[in-house]
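**Q** Following this message is one structure expressed as structure tokens.
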Amino acid sequence: MNNEADNIEQQKLIGVLGQFDDSHTLMHACEALRDSGVKKMDAYTPYPVHGIEKAIGIPRTILPWIVLAVASGGLCIGLGMQWYTNATEQLLPFWSGYEFRISGKPMFSLPANIPVTFEVIVLSSAFAAFLGMLVLNGLPRLANPLHRIPRFKRVTNDKFFLMVDADDDQFNLDQLKNNFSDWGASDVEDVFLDQTDWKLPAFLKTVAVLLLVLMLVPPALVFRARGMTYTGTRLHVVPDMDWQVKFKTQTEGPLANNDTKTEFFFKDIRAQFAPLPGTVSRSDQSGDVEFFKGIQQGSDLHSSHGTPAVLASNQENEPQEEQPATTDAAVDEPNWVTKIPSQVKVDKDTVLRGQRQYDIYCAVCHGYSGEGNGLANNRAVALSVSGEASWTEAKSLYDPTVIDQPVGRIYDTITNGRSTMGPYATRIKPEDRWAIVLYVKALQKTRKDAVTAEADKPADASDDKN
Amino acid sequence: MAHIRKAEITSPIVTLGGESTSRVLPVLLVVAVACIGAAFFFGGAFKDTGRAAFMHSYLVSYMFFLSITLGCIFFVMIQHLTKAGWSVTVRRVAEIMGCAIFPMAILFIPILLSVLGGDTSLYTWVKEPADGAPEWAVGDQRIFDIKSTFLNPTWFGIRAVVYFTIWTFIAFRLYTWSVKQDETGDKKISLKSQAYCAPLMLGFVLSLAFAAFDWEMSLAPMWFSTMFPVYIFAGCVLSSLATILLVCLLLQKTGRITDEITIEHYHDLAKLCFAFIFFWGYIAFSQFMLIWYANIPEETFWYRFRFEGGWILFSLVLLFGHLFIPFLGMMARTVRRNKTYLLFAAIFLLAMHWVDHYWIVMPQLNASVYEGYFSSGEPITKTEYVQYPGFIDLLLFVGMGALFVASFCLVSGNRALVPLKDPRLHEALNYDNP
Amino acid sequence: MAITVDNLTNNTFEDPSRRAPLITGGLDNDGVTEVVADLAESPSPPKIWWVLLGVSAALTAMLGSLILLLIFKGVGVWGNNNPVYWGWPIVNFVFWVGIGHAGTLISAILFLFRQHWRTSINRAAEAMTIFAVICAGMFPGIHIGRVWVFYWLFPIPSEHLAMWPNFRSPLLWDVFAVSTYFTVSLLFWYMGMVPDLATFRDRSTSKIKKFMYGLFSLGWSGSARHWHRYEVAYTILAALATPLVLSVHTIVSFDFAVSIIPGWHTTIFPPYFVAGAIFSGFAMVVTLLVPMRALFNLKHVITVRHIENMNKIIMVTGMMVGLAYTIEFFIAWYSSNPFELFAFQNRAFGPFWWAYLAMFTCNVFIPQLFWFKKIRTSMIMSVIVGIGVNIGMWFERFVIVMTLNRGFLPSSWSYFRPTWVDIGMFVGSFGLFMFLFLLFCRFLPVIAISEVKGTLAFQKHMALAGGYSDEPDH
């Protein structure tokens, strides 16, 4: 007996262990035992011995089916998670999804969702395989009576063992010991279960109770906090850029005295105030309305289409009416200038500059020839025909409605945009905008048939050109 | 301890047998000539109107059998390179099927002649216009200048000759050496095969890649995908594995080589099939997803052809039949060790492989009509432009198949269907899957 | 009773009728245990271990401080700028993740192909994978800018963010792929170690070691029933890890390939990246194992044959990478897309031609040396080629990312320069890798002891069948 326990009554015989020095003798022993009807036995080897499952009679494990079941669950979770978070909104009263509209992809983009789904399947299956194996094996099992046998330490090195359980039907201690020696076992031992192993040390109960009590403290604190109002400063864990050392527009300006916090440094207590008298703006566009907005001096400053223009107050203006050139709401339009403003030199250089700028900014929709056959426009029209986009076709510059427009109106279109055409004010300087207007008129002049009878009237801007 | 088998052939019948071959062979040849000939005549190969459909059908069946042949050549090479022991007894079957490259070279002649003769029914780039850029190069001279350097009949022909030379050399070289080893058992032959396969593999892979470009990618001359050769390669390997499985099962059913090919070999072949089903799916998905994601029209049109106008049916059949169903079906160990099931699985995989090549080739038949619709922006209504497989496809398939089988009989002749004295024979007979 | 397998030391002979012995020096089960356990059980590791530990600890400390610098000062400490917004961090990330793939390939794919020679190297290779993935995951983790809200990368409900991750983005696929890869590799590595930790448990003398090894070996007893389920689980994990290896570097390649940038958007990227990853990974395994086997007395378990087999894989994957280069060039020309062609010409002849030259030389030309048996069985040459391949593969990713320097807008073209923080972090990551690997060598079983014993048994079995011999080749 190699067991360390003193108290014999605490030890229960649970089996007999035979030691073998190589796998062949072990296998013969296993087969012999199996053939004699022994069921509750197990072999212990340093490495998996080929063919030992059959020798002992171990059935195939159900682990693969467990993994398959979990993998199917992983598939549903992976796809479901992506569908819920990226393709739905407000489906549940909490944790709403957030529909991402990204580069025109469908909300539920199945091809794009495959990689994550695959990874989720693999991850869940791997856990299932590993944990399933541990659970089915009953591991961790740190208190195995076999580990108390010193010889057994060689099992992880180079010795092979075979144990027959005492509660097997065919168990006969002496017969088994004889058989083991016949089969070439180098040693046979009784295996005892020391039942003192299973008694918990007394202090553990105290520790467990103490831990349980301690575990109640955090929830208690939480419930206490929920029933109270907190008057301290709010915890702001992630400062980000929430407190910036700068002045925002509609706030107070700098203080004169940080102690009193009542006096301000400037007379004007605003953080942002109007420019001081005498300030000269670098690009003051308020002065010359004709140049900067294309509207005649004295007429209304509202230049955008769609907003009602107040004209009535100014009677000195030449009444300059025309039909609204576009199909938007028929509103009163401001008085557009009909001549290129005097700041712009109407000469060949300006026309060429206008051509250059036109080719850069306008040709992409209106076409290099001005017919409205630009690449972007063609594509957008195709998309809008198939319903994938909404688009108003870029006008041909030879369209009668455009021919009739005064130059100020054309200038305004460039500045502020029209319909699906965006505003170019920020991208093209006013001088260049007028150059483009000049170029547009030059283009229009190249098509005699597109020019209406009005083109030859002296009042038209074409008189201004060389 | 597990029983050790000796390294010797114990099956009663090891060859195809002279008498049965001499009876079957003429029948096969007659069937082949009759079917292919009938297809030529009834498929409209000699008329201008039906020729395009016929040529596309021809290419589909041709690529099907060629991919099996090339896959078998690859199988043999990789077994030599990896010094594999398990596959020794199934390798001879693959070697014999690899030698079908010779009849495949002959079957290529109609395609070659049509290209050299300036016929545009299959490849639109064949005819060079008198001046300016042709329609297939979207009227762009610069594109035409570049593409026509590669896509022109002369170089197409030269490249085809190079490919077939390489493939025939590899297939017959390895087979003749293997057969020689049947008599002498010379270990040096194994070493020589292994040494030759290393550089030959380079040539094989390059020629396969460019053949894929030449014969299937250039059907849509404006389209390109660097993954395409890998996609074709995956199909080659999968179909050849399925064919090796099928042929071994059928041979054993007729009582031949019953002892040398064990359930372990079928298990391994099935495992490899499973792996390459997944690999094919991975390659097909990667190619599709990248093109879908970037959404660049110069690439997506190829897939739009195959998802609209009724072709979506074939795409779904491929997705489910070529990937999902076989993947789930071949996962279980019990399935992989059941011969009846494997017989069914091999046939199913081969059917799906044919659908794969049909899906690659056929939509190009009506490509010019699709293109008109794309620029108009109207969606293509269902089933307008789909071309379902018909009688001509069946004729061509049966005809080429008969020729393939005839090649097997002819090449194998009276020689053994397993290597008799391969130095690694004992490994093939003595391993098992746990 | 010793089970002698073989007494010779050179097992690289070529004889088709028998397999070369994989464990030499006459080692039996006990011998294998002794050889492997010696490293962890010796009272003090070899001096070189201490030296290397010191150096790597210093480099790790440097890495740590540079990361703190980055978090406090911001991403501007790196060289990332217009137009090369993705600089060294992404290159380093792909570099390290690629290296990690070899471990999984050795563990999983070679297992499925029944390549018994893998048992001597798989443990160290798997450890290398874990550490490489740690180094890899660090880079995207710190480059997100606001590192303190890293949890926004995961699908956790967050009031602060009020939205979810964008699952359509390959950058998010990376998060899932690398996390899954790390976790599964860790599981696989740990599961493989359980029987060997039991071996250490049964041999350890100090109480602490007994407790630690005992705890982590989960009470393993070598029961045949347990082994059965263990082997099935191992096979399942191997079958899962195989597509995982493919998918992880595929998803990394998607970072580039889903874009519309010429030179990046090309469909062959997935298998090309995977082949490149295996290429660089095996080179790193060779670079690690050759010194390891010499310094730690493992020459009879990690034999010349093992190194030669790995060199052959390096050659094959190198040629796959070369094939991908060829196909890419060809299609870039064939596509007649002038931007695509320019991207490739710029790589070879533009401002970063020197990086391209390094890449080509190291990836395509240097591995060709392995055609010669003398070179591929030489330990020194193996290390030289291995280091060369790793340099080449770093440059490959560098060249790919530098495609950005000549974009569509010529006014943005500019030359990328790394900062000292870029370089320092990269060097520091090697320090971290070495540090972890050295700890692994000292405290954990560096070779899969139980699997090697299985290989010994298999060799014995095949010897009976006529496949192995104790006699060296004549």
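Values quoted throughout were computed directly from the atomic coordinates according to the rules given, and no laboratory measurement underlies them. None of these values were measured; they are calculated from a predicted model. FYI the Cβ positions are ideal-geometry reconstructions off the backbone, even for glycines, and counts take in every protein chain you see.
**Q** Through the Karplus equation 6.51 cos²θ - 1.76 cosθ + 1.60, θ set to phi - 60°, convert the phi angles of the range A:68-85 into ³J(HN,Hα) values in whole Hz; use x for Gly and Pro.
**A** 4, 4, 5, 4, 4, x, x, 4, 5, 5, x, 5, x, 4, 5, 4, 5, 7
**Q** In what sequence, highest mean first, do A:97-106, B:111-120 appear when ranked by Cβ atoms within 10 angstrom?
**A** B:111-120, A:97-106
**Q** Taking only DSSP H segments of four or more residues, each worth -39500 (n - 2.57), what value at 222 nm results for chain C once the sum is divided by all its residues, to the nearest 500 deg cm²/dmol?
**A** It comes out at -22000 deg cm²/dmol, rounded to the nearest 500.
**Q** While we're looking at this one, here's another question. Would you tell me the mean number of C-beta atoms belonging to other protein chains that fall within 10 Å of each C-beta in C:267-276, as a whole number?
**A** That works out to 5 on average.
**Q** Is there a pair in A:LYS40/C:LYS453; B:LYS187/C:LYS460; B:LYS187/C:LYS373; B:LYS253/C:LYS312 whose C-alpha atoms are over 31 Å apart, and which pairs would that be?
**A** Those over the limit are B:LYS253/C:LYS312.
**Q** Same structure, new question: Run the simple label-point estimate for B:THR82 and C:SER169 please: 7 Å along Cα→C-beta, distance reported in nm.
**A** Going by the 7 Å Cα→Cβ label model, 4.0 nm.
**Q** With everything on Cα atoms, drop me the angle between helix B:141-150 and the longest principal axis of chain B, reported from 0 to 90° to the nearest 10.
**A** Once rounded, the angle reads 20 degrees.
**Q** OK, next. Which net charge results when you count Lys and Arg as +1 and Asp and Glu as -1 among the other residues whose beta-carbon is under 15 Å from that of C:ALA239?
**A** Neighbourhood net charge equals +2.
**Q** Once the Cβ-Cβ distance between A:MET215 and C:PHE430 is put in as r, and R0 is 45 Å, what FRET efficiency do you end up with, to the nearest 0.05?
**A** 0.55
**Q** At R0 = 41 Å, how high is the FRET efficiency between C:PHE372 and B:LEU112 if r is their beta carbon distance? Nearest 0.05 is fine.
**A** That pair, C:PHE372 with B:LEU112, gives E of 0.50.
**Q** Would you kindly derive the ³J(HN,Hα) couplings of the range C:169-178 from the backbone phi angles with the Karplus curve 6.51 cos²θ - 1.76 cosθ + 1.60 (θ = phi - 60°), listing them in order in whole Hz, with x for Gly and Pro?
**A** Once rounded to whole Hz, the list reads 8, x, 5, 6, 4, 4, 4, 5, 5, 5.
**Q** Okay, moving on. Assuming a ≥ b ≥ c are the square roots of the Cα gyration tensor eigenvalues, decide whether chain C counts as rounded (a/c under 1.5), prolate (otherwise, with a/b larger than b/c) or oblate.
**A** prolate
**Q** How much length is gained on full extension from C:LYS47 to C:VAL364, taking 0.36 nm per residue of separation minus their Cα-Cα distance?
**A** 110.4 nm
**Q** Only Cα pairs under 8 Å and at least 6 apart count here; give the relative contact order of the range B:18-429 as a rounded whole percent.
**A** Here the relative contact order equals 33 percent.
**Q** B:LYS339 to B:THR184: extension gain in nm, 0.36 nm per residue of separation minus the Cα-Cα distance?
**A** Stretched out fully, the B:LYS339 to B:THR184 stretch lengthens by 52.4 nm.
**Q** Further question: What lysines could a cross-link reach from A:LYS395, if we take a straight Cα to Cα line under 25 Å and drop same-chain neighbours fewer than 8 places away?
**A** Of all the lysines, those that pass the test against A:LYS395 - Cα under 25 Å, at least 8 places apart if same chain - are A:LYS293, A:LYS339, A:LYS429, A:LYS441, A:LYS445, A:LYS448, A:LYS457, A:LYS465.
**Q** Moving on. So how far apart, in nm, are the two label points at A:ASP259 and B:LYS192 if each is 7 Å from Cα heading toward Cβ?
**A** Rounded to a tenth, the inter-label distance reads 10.6 nm.
**Q** Quantify how strongly other chains surround peptide C:444-453 by giving the mean number of their Cβ atoms within 10 Å of each of its Cβ atoms.
**A** That works out to 2 on average.
**Q** Is the shape of the protein assembly as shown best called rounded, prolate or oblate, per the rule: a/c under 1.5 gives rounded, else a/b larger than b/c gives prolate, else oblate, with a ≥ b ≥ c the square roots of the Cα gyration tensor eigenvalues?
**A** In terms of gyration-tensor shape, oblate.
**Q** Counting only the backbone N, which residues of the range C:144-181 are under 17 Å from the spot 7 Å out from the Cα of A:ALA225 toward its beta-carbon?
**A** Within reach of a label on A:ALA225: C:159-160.
**Q** Still on this model: Post the alpha-carbon centroid distance, the range C:190-259 to the range C:334-384, in whole angstrom.
**A** Cα centroid of the range C:190-259 versus Cα centroid of the range C:334-384: 36 Å apart.
**Q** Using the beta-carbon distance between A:VAL364 and C:GLN345 and R0 = 22 Å, what value does 1/(1 + (r/R0)^6) give for FRET efficiency, to the nearest 0.05?
**A** 0.20
**Q** In terms of Cα to Cα distance under 25 Å, which lysines are near enough to B:LYS147, apart from those fewer than 8 places away along the same chain?
**A** B:LYS127
**Q** By count of other Cβ within 10 Å, fewest leading, how are A:TYR47, B:TYR293 ordered?
**A** B:TYR293, A:TYR47
**Q** Which of rounded, prolate or oblate describes the range A:72-122 when judged by the alpha-carbon gyration tensor and an a/c cut-off of 1.5?
**A** It is oblate, given that a/c is not under 1.5 and a/b is not larger than b/c.
**Q** Report, in whole Å, the centroid distance computed from the Cα atoms of the range A:340-391 and the range C:117-164.
**A** Each part reduced to its Cα centre gives a spacing of 50 Å.
**Q** Still on this model: Note down the nm distance, to one decimal, between modelled labels 7 Å out along Cα→Cβ at A:ARG356 and at A:LEU173.
**A** 11.0 nm
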